[in-house]
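The next block holds one structure in the form of structure tokens; read it before the comments.
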Amino acid sequence: MRTQRSVSFTYGLGLLALASLPSLFASGCRSERITAPPDTTAPRFQVLAPVDTLYDLDGDELVDVSITWADSGGAIDPASARVRSLRALNGPADTTTNLIAVWRVGRLDRAGVLLRETLDNLLPDDQNRLEISVADTAGNRTTDTISFTLPHAAFYTTIETGVASWYYSLDIVIDGAGRRGYMTAGQTLVVFDPESLRVVARITSGASSYLADIALDEARSFAYVGEGYVEKYDLRTNSFVERVPGTYSTSGLAFSRADSRLLYTGEDFAGWLGYVDVVANQRVDQMVIPHLYSPEEFISELAVLAGDAKLYMARYYQGGILVVDPRTRQILRHVQMAGSSPFFTGDFILSRDDRHLYVALKDAAPRGVGDLDTSTDSIVRTMDFPAFVPNGIGLSPSQRRLFVTMGQAYSNIPPRNFLLDVQRWAVLESFDQPAAPGAIPDGPVAFRPDGKLIFVGRNLVIDAYLNREPKP
């Protein structure tokens, strides 16, 4: 009997012990629970581009920002990403703008970002710095700065015009708002969009020869184009409407700056200056200029000072630049020398303040670019390019840069184009021409009004160059 009670007692203690295990286990878990430490580690990232001079990953000459990032304690918050420029951009964005909001986003996720620069908000040339910042989901943020170098300018793209002609481009102009561009291409006027870089229209004229200079009359929505006569073109309907009665074969064109209805025309054969009243639609007068140098003289370029105080003309056979007073029809001066050399020019461009006439010294020793002081009517500076023949010249809207296209002077030296700094009178950048060897070299030049693109007539197509000129 004692044995049975002993067994029963032992069995009872065992049940009591088993019944107590859950509470003991629970008590032990509460005392040994592990709590993860707070995430205080900031994300890390790796910059793939831009790095040093590597800035373009897809060949369009615009900056590509390619960054991978990771976080050891959790996950990246893509919405927290910030990219800003520490230098002023050429566009509405400023140094406080998150560029992710204004540039093109190729990718933005927990693995990284791919951001592409746009023409609307263009970075300046030389040394640039971008501040990159990103946070994780715990709020830890990493901020760092990357530095890289951009060229002053670069070849951007070619606009194919679809024109076939026996001749080539002689002039290219952009309207004041930058909405339309116009280029002569043989007997065709090419109309293009300077923003989308697409051809809008191709209008073949009734010209017996090739089209030359273009003069825009935006207030009346017409353009005038030199050729066998002066052709009148309607900007609204994109059509040639008539030839201006009484006009002769014309190359250079320029509107008066004293009378908006007066158009000066540089006439071929005699090399005289014509006067066209665009409201009356008639050639109304002329300035007779001796042409003893050839039986067929012509005026390739014209520029007019404020109030028509002076008119500058390039006469082909006479050479140099003839300075006249178109009001009194007097010859004021014949600028013949660039330094110690006689010169010939086919193109020049007047500065906005009328103080400088920048001249392509096409036939001089040496050839190059000249700066004509309009107060003294003398060339006061030259930049020599003896291995090339200057063709076209354009001045940026800021008046700080010149773009010059060159022809080939020697068969073993391919032609190049040059971007110049006006103030320092130095070369900023030079470019191989896209044309095949032996092709017609680049010609006329026009800057877009915002200065970001430079358009060049090359044979029958239009080349666009990116200009990273900083804001004034």
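Key figures
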read-out	value
Answer residue from the stretch 57-77, given it is closer than 18 Å to E131 by Cα and surrounded by fewer than 17 Cβ atoms within 10 Å (Cβ to Cβ) and is modelled with the highest pLDDT among those	T68
Given (1) within 26 Å of G407 (Cα to Cα); (2) of a type in the set (D, E, K, R); (3) assigned to a loop (DSSP other than H, G, I, E, B), index of the condition R381 fails	(3)
Hits in the stretch 228-257 (condition: out of contact with any strand residue (DSSP E or B) (no Cβ under 7 Å at 6 or more places or on another chain), crowded, with 19+ Cβ neighbours inside 10 Å and farther than 19 Å from Y316 by Cα)	none
Which listed residue is out of contact with any helix residue (DSSP H, G or I) (no Cβ under 6 Å at 6 or more places or on another chain), surrounded by fewer than 16 Cβ atoms within 10 Å (Cβ to Cβ) and under 18 Å from L460 (Cα atoms), from R202, R220	R202
Among residues of the stretch 248-271, those that are closer than 23 Å to L170 by Cα, at pLDDT 95 or above and assigned to a loop (DSSP other than H, G, I, E, B), counted	1
Strands (runs of 3 or more DSSP E) enclosed by the stretch 139-241 - at least 2 residues per element that are modelled with pLDDT of 95 or more and either in contact with a His (Cβ under 6 Å, 6 or more places away or on another chain) or farther than 27 Å from F403 by Cβ (or both)	141-150, 230-234
Any pair with Cβ under 6 angstrom, 6 or more apart, that starts in the stretch 115-133 at a residue that is closer than 11 Å to P470 by Cα and ends at one that is at pLDDT below 95 and charged (D, E, K, R)	none
Among residues of the stretch 397-408, those that are touching a residue at least 60 places away in the same chain (Cβ under 8 Å) and crowded, with 20+ Cβ neighbours inside 10 Å, counted	2
Counted residues, the stretch 192-235 - those being in contact with a Pro (Cβ under 9 Å, 6 or more places away or on another chain) and farther than 27 Å from Y156 by Cβ	1
Matching option when the condition is assigned by TED's automatic domain parsing to the domain that holds R202, free of Cβ contacts under 8 Å to residues at least 40 places away in the same chain and in contact with a Leu (Cβ under 9 Å, 6 or more places away or on another chain), among S411, S430	S430
Top-ranked residue of the stretch 292-332 - restricted to ones that are among the hydrophobic types (A, V, I, L, M, F, W, C) and touching a Pro at 6+ places or on another chain (Cβ under 8 Å), ranked as surrounded by the most Cβ atoms within 10 Å (Cβ to Cβ)	L311
Qualifying residue in the stretch 201-215 (condition: within 16 Å of R283 (Cα to Cα) and assigned by TED's automatic domain parsing to the domain that holds A446)	yes
Any hit, the stretch 423-445, residues being closer than 30 Å to D308 by Cα, of a type in the set (A, V, I, L, M) and surrounded by fewer than 23 Cβ atoms within 10 Å (Cβ to Cβ)	no
Qualifying position, being under 28 Å from the mean Cα position of the chain (by Cα) and of a type outside the set (V, I, T), among D377, D285, D363, D373	D373
Residue count for the stretch 439-472, restricted to those that are part of a strand (DSSP E or B), acidic (D, E) and in contact with a Lys or Arg (Cβ under 9 Å, 6 or more places away or on another chain)	1
Residue match in the stretch 216-238 (condition: in the same structural domain as L395 (by TED's automatic domain parsing) and within 21 Å of G451 (Cα to Cα))	yes
Residues satisfying the stated conditions in the stretch 288-306, i.e. within 32 Å of the chain's Cα centre (by Cα) and in a strand (DSSP E or B)	I299, S300, E301, L302, A303, V304
Failed item, numbered, when T161 is tested on (1) farther than 24 Å from L420 by Cα; (2) surrounded by fewer than 17 Cβ atoms within 10 Å (Cβ to Cβ); (3) in the same structural domain as T405 (by TED's automatic domain parsing); (4) not aliphatic (A, V, I, L, M)	(2)
Total residues in the stretch 78-96, condition outside any strand (DSSP E or B) and surrounded by fewer than 20 Cβ atoms within 10 Å (Cβ to Cβ)	8
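The values are calculated or read from the model by the stated rules, or taken from the named source; none is laboratory data. Everything numeric here is computed off the predicted structure, so don't read it as measured data. Because the Cβ atoms are built from the backbone with ideal geometry, glycine has one as well, and the counts that use them run over all protein chains shown.
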